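**Student:** There's a structure below that I have some questions on.
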Amino acid sequence: MDDCIIIGGGPAGLTAAIYLSRYHLKIRLFDCGSSRAALIPCTHNHAGYPDGVSGLDLLAAMRAQAEKYGMVREAAKVTGLRATEPGFAVRIGDREIRARSVLLATGVINHRPPMPDALHDAALAQGRIRYCPVCDGYEVTDRRVAVYGTGEHAAREALFVRSFTRDVTLIAPERHSLPAEQLAQLSAAGVALIDGPATEWAIEDEQLSLATAAGRVTFDSLYPALGSHIRSELAVQAGARADDGGCLEVDDHQRTSLPGLFAAGDVAKGLDQISHAMGEAGVAATTIRNMLNAEAPLWR
């Protein structure tokens, strides 16, 4: 039986793997290869990399570090999780593996705008599509920027982006229906409003262009503000509590409502930041170590 199974191979899962391996624990990490960090062309927001680092390079370095200390990693998708006595059983295909504890670091999936996948990926690589103004708002300073979405969430994002550039447009997928208070805030900030539908997406002359109710428009970058899917199903299936949005409920030590099951990173309510996910993972890993030690001393 493993001491801990980590589900998720992004920054949170790999940070936990480094900590737990260095605590001399027997761990196994399952990585289905869909970490959002892998989609980052270059982040300049992660401390210690003054010239920036790509998500793929960061993940590769973290995997090498964890493997140096004994992490066992499998490129596989976990399809089931259940509490047992003791610990948990994790299902991968037709196999079931047991562990004394589980750390869920499965993250979220962003909802994408309605464009072909190949175009989306090219725009993302070029910085024409961006998903995190907290991460890279600095890179759009004084550029022409759109936010794609409507409602409270998209309006807040447009106002946040406004602190980086005065040229911000909020584009609705169909039609805007915003309360008077938000309309007043957007107007005061000089944010332009355009109705959709948004169609005929393209990259033209190093800009992202699309057709709208106001005609064809072009931007240096566009932020989709369409929400995301929280990948908490495994934990909920096992009996852990989540909020209405799907984020797992955790305490200040990253413990879920199910004893022995922990969560770190974007699957729990947080900041959607690499550094924040890594910090949560360090807390979770140390709490796991202390919990296992209380059950049976981890003496050499």
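The values are calculated or read from the model by the stated rules, or taken from the named source; none is laboratory data. Here the structure is a predicted model, which means the values were calculated and not measured. Here Cβ is always computed from backbone atoms with ideal geometry, including for glycine, and neighbour counts include all displayed protein chains. SASA here: full protein model, heavy atoms, side chains in, ligands and nucleic acids out. Shrake-Rupley method; radii C 1.70, N 1.55, O 1.52, S 1.80 Å.
**Student:** Please work out the FRET efficiency for the pair E200 and A125, using the Cβ-Cβ distance as r and a Förster radius of 22 Å; give the result to the nearest 0.05.
**Tutor:** Numbers: r = 21 Å, r/R0 = 0.93.
Efficiency computed from Cβ-Cβ geometry: 0.60.
**Student:** Using the beta-carbon distance between D57 and K26 and R0 = 25 Å, what value does 1/(1 + (r/R0)^6) give for FRET efficiency, to the nearest 0.05?
**Tutor:** So, using R0 = 25 Å, E works out to roughly 0.30.
**Student:** At 1.4 Å probe size, with every protein chain present, just tell me what the per residue accessible area of the chain comes to in Å². Walk me through the numbers before you get to the answer.
**Tutor:** Details: 14310 Å² over 300 residues.
Per-residue value: 48 Å².
**Student:** Moving on to the next point. Regarding segment 192-300, what's the average projected area of the Cα-atom convex hull, expressed in nm²? Can you show the working numbers first?
**Tutor:** Details: hull surface 44.9 nm².
Result: a mean projected hull area of 11.2 nm².
**Student:** Then there is this: Rounded to whole Å, give me the distance from the Cα center of segment 74-122 to that of segment 152-214.
**Tutor:** Each part's Cα centre sits 34 Å from the other's.
**Student:** Roughly what % antiparallel, to the nearest 5, for the DSSP beta bridges in segment 1-151?
**Tutor:** Among the beta bridges of segment 1-151, antiparallel pairing accounts for roughly 45 percent.
**Student:** Related question: Evaluate the relative contact order of the chain (contact order divided by residue number), counting alpha-carbon pairs under 8 angstrom at least 6 apart; express in whole percent. Mind dumping the intermediate values first?
**Tutor:** Working: 640 pairs, mean separation 59.6, N = 300.
Over the chain, the number comes to 20 percent.
**Student:** Further question on the same structure: Which helices count as membrane-span-like in the chain under these terms: full DSSP H, at least 30 Å along the axis by C-alpha, Kyte-Doolittle mean of -1.0 or more?
**Tutor:** Result, helices passing both filters: 274-295.
**Student:** Report the Cα-based extents of segment 138-259 along its three principal axes, largest first, to the nearest Å.
**Tutor:** 54, 32, 29
**Student:** Please give me, ordered by residue number, the trypsin sites (Lys or Arg not before Pro) of segment 237-269 that lie in loop per DSSP and have at most 16 other Cβ atoms within 10 Å.
**Tutor:** Loop-located and lightly packed - R241, K269.
**Student:** Residues in segment 159-174 near a label at H111, defined as backbone nitrogen under 14 Å from the 7 Å Cα→Cβ point?
**Tutor:** Answer for segment 159-174: 172-174.
**Student:** Per residue of segment 29-43, in order, report the coupling 6.51 cos²θ - 1.76 cosθ + 1.60 (Karplus, θ = phi - 60°) as ³J(HN,Hα) in whole Hz, putting x for Gly and Pro.
**Tutor:** Taking θ as phi minus 60°, the curve returns 10, 9, 10, 8, x, 10, 5, 4, 4, 5, 8, 7, x, 6, 9 Hz for segment 29-43.
**Student:** If you don't mind, there's one more thing I want to ask. Of the listed values [x] -0.71, -1.10, -1.19; [y] -0.71, -1.30, -1.45; [z] -0.80, -1.26, -1.35, grab the one calculated as log10 I(q)/I(0) by the Debye sum over Cα atoms at q = 0.11, 0.15, 0.16 Å⁻¹ from the structure here.
**Tutor:** [x]
**Student:** Subtract the Cα-Cα distance of K269 and E233 from 0.36 nm times their separation in residues, and report this length gain in nm to one decimal.
**Tutor:** Fully extending the segment from K269 to E233 adds 11.5 nm.
**Student:** Out of the total accessible area of segment 248-300 (probe 1.4 Å, heavy atoms of protein only), what percent is carbon and sulfur?
**Tutor:** Here it works out to 55 percent.
**Student:** Here's another thing I want to ask about it. Using only the alpha-carbon atoms, what does segment 1-99 span along each of its principal axes? Please give whole angstrom values in decreasing order.
**Tutor:** 48, 27, 17
**Student:** Right, another one. Only four residue types carry charge here, +1 at the Cβ of Lys and Arg and -1 at the Cβ of Asp and Glu. Report the dipole size of segment 162-300 about the Cα centre in Debye, rounded to the nearest 20.
**Tutor:** For segment 162-300, the charge dipole is close to 460 debye.
**Student:** Could you check how much of the accessible area of segment 1-86 is carbon and sulfur, as a whole percent, using a 1.4 Å probe?
**Tutor:** On the way: 2110 of 4130 Å².
The value for segment 1-86 is 51 percent carbon and sulfur by accessible area.
**Student:** Now, a different point. Let's see if you can work this out: charge +1 on each Lys and Arg Cβ, -1 on each Asp and Glu Cβ, no other charges. What is the dipole magnitude of the chain about its Cα centre, in debye to the nearest 20?
**Tutor:** The calculation lands at about 920 debye.
**Student:** Now for a separate question. So between S209 and N293, what do we pick up on full extension, going 0.36 nm a residue minus the alpha carbon distance?
**Tutor:** That pair, S209 and N293, stretches by 24.5 nm at full extension.
**Student:** For segment 41-192, which semi-axes, largest first and in whole Å, follow from the square roots of 5 times the eigenvalues of its Cα gyration tensor?
**Tutor:** Value: 39, 22, 15 Å, ordered largest first.
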